[in-house]
Structures are given as C-alpha cells and as structure tokens.
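Right, one structure below, let's go through it.
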Amino acid sequence: MYKAHAMHLLAIAFVIYLAAAIIAALLALTGNFVGAVLGSLVGIVAAFLLQATLVKAVQDVRDGRVDLSIGETVRAATPYILSVAGASILAGIAIVIGLILIIVPGLYLITIWAVIVPVIVLEGSGVFASFGRSQQLVRGNGWHVFGTLVLVWIIMLVVNIVLAVIFSALPAALSNGLSSVISGTLISPFIALVVTLVYYRLSGAPSEPAPPTAGYGGYQQMP
C-alpha cells in the first residue's frame, strides 16, 4: 500500500512540513523570544495535524484509490487535532518517565498505546478513552506489536544516519533543518501506514475493504 500511494502520502507530509517551516521561519525573522516560541508551537501543532491527517489518508486509500485531495484530507483530520495532541502529550510524559525509571515500563507503555492516534481518528474516541481502547486492542498481541515498532525504529535510525551523512558538508543549521524536513517527509507517512494497518489488524477490520457485492432490492443474488 505504501508503494502504491507513496507519492500521495509523501505530498501530504511535505505540504504540512513545508507550511510549518515557512511560518516558523517568518516568526523567527522577528528576532524576539515570542517569535521563537510561536515558531516552536507551530511546529508542534503541525506534527499533531500530520499524525491525524496521515491516518485519515491511509483510511482513504485502503480501497486502492485516492478519493480525498490533500486539502480535504487535512480538513477531515482537523477536528481530531486537540484529542491527538492531548493523548500524545500525556502518553509522551508517561513513556519518558517509564523509560527513565527502569526502561521496561516505558517500552510496555509504548506497546500498549501504539494505536491511540488511529483509535481517536478512526473511532472518534476521546483522549482518555483512547488509552484503554488501544490497550484492549493490543492485548494478546503485545510481542507482535512491539516487534513491529522495533523494526520501524530501526528503519528510522538508518534513514536519519544516511541523511546526516549526506548533509554533513552543509552548515549545521541548514543541515539540521533539511535533514529534519526530509526525514519527516519520508518517515512520517511510513509510520502512519504501519500504525494504522496495525490498528486494522488488531481491531479485526480488513486492511482493505471488501468490494461491493451486486444485488437486487437489497438481496444478494447468485450469478
């Protein structure tokens, strides 16, 4: 699925990252602390918007075709930004604490909360309800989900190392900026695809919807 719709998913990530980068750069030109803080907030909001938008995009292309434009996909995901932000921030705090304490609790939380964003965007769950729903879905499949997340992390690490080598000759600020935008554009759609397909597998929904069955008057007919 990623290969078939890579350009559409990459375009969504690039547009959101580029828009956020331009706004942040304009705010930085003010040269004051407020501009820098607002620029950082724009980047954070863009990250949450991108999560929700990419999940919606994966849902859209499950039938093998792109039905929503980039703008329509963004608008469909916008109502979930606050819930995605709230759940992501709470999960991030808990996971960091767990990793600092003994590491294992943090890894456990990463696993059981792996699909909170798809749960919010695709099921309309609230912030706190998404944690319980994600844990319910992962129950009994923890090692499979954890293995999938480890594989995704390894791919992310390799991509970031390659980009760091490619841009090593550039000034540090430019290198970091380009590496961040490009790695985010490449990796974010892949992560969204993996997490969303994991959600569909755990929830029992097919990763691709079944084709419509022909019928007459609401009743299926044998050919």
Go through (1) surrounded by fewer than 15 Cβ atoms within 10 Å (Cβ to Cβ); (2) among the β-branched types (Val, Ile, Thr); (3) at negative phi for residue 95 and report which single condition fails.
(1)
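Criterion first (over 26 Å from residue 73 (Cβ atoms) and out of contact with any helix residue (DSSP H, G or I) (no Cβ under 6 Å at 6 or more places or on another chain)) does residue 149 satisfy it?
Values: over 26 Å from residue 73 (Cβ atoms): no; out of contact with any helix residue (DSSP H, G or I) (no Cβ under 6 Å at 6 or more places or on another chain): yes.
Here the answer is no, as residue 149 does not meet what is asked.
Could you please let me know if residue 168 is among the polar types (S, T, N, Q) and at pLDDT below 90? Spell out how you get there, then give the answer.
Details: among the polar types (S, T, N, Q): yes; at pLDDT below 90: yes.
When the stated conditions are applied, residue 168 passes them.
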Selection from segment 25-52 of residues of a type in the set (A, V, I, L, M) and more than 21 Å from the chain's Cα centre (by Cα) yields 25, 26, 27, 28, 29, 34, 36, 37, 38
If a residue has to be crowded, with 21+ Cβ neighbours inside 10 Å, part of a helix (DSSP H, G or I), touching a residue at least 40 places away in the same chain (Cβ under 8 Å) and not β-branched (Val, Ile, Thr) to count, how many in segment 98-136 make the cut?
2
How many residues of segment 37-91 are out of contact with any helix residue (DSSP H, G or I) (no Cβ under 6 Å at 6 or more places or on another chain) and assigned to a loop (DSSP other than H, G, I, E, B)? The answer is 5
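Every residue, every condition in (1) among the β-branched types (Val, Ile, Thr); (2) farther than 19 Å from residue 199 by Cα; (3) surrounded by 20 or more Cβ atoms within 10 Å (Cβ to Cβ); (4) at pLDDT 85 or above, yes or no:
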position	(1), (2), (3), (4)
4	no, yes, no, no
17	no, yes, yes, no
35	no, yes, no, no
40	no, yes, no, no
50	no, no, yes, yes
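Would you mind stating whether residue 45 is under 23 Å from residue 147 (Cβ atoms) and either surrounded by fewer than 20 Cβ atoms within 10 Å (Cβ to Cβ) or in contact with a Leu (Cβ under 8 Å, 6 or more places away or on another chain) (or both)? So that I can check it myself, show each step before the final result.
Details: under 23 Å from residue 147 (Cβ atoms): no; either surrounded by fewer than 20 Cβ atoms within 10 Å (Cβ to Cβ) or in contact with a Leu (Cβ under 8 Å, 6 or more places away or on another chain) (or both): yes.
When the stated conditions are applied, residue 45 does not pass them.
The values are calculated or read from the model by the stated rules, or taken from the named source; none is laboratory data. These numbers were taken from a predicted model, which means no experiment stands behind them. Cβ sites come from the backbone with ideal geometry, for glycine too, and all protein chains shown count toward neighbours.
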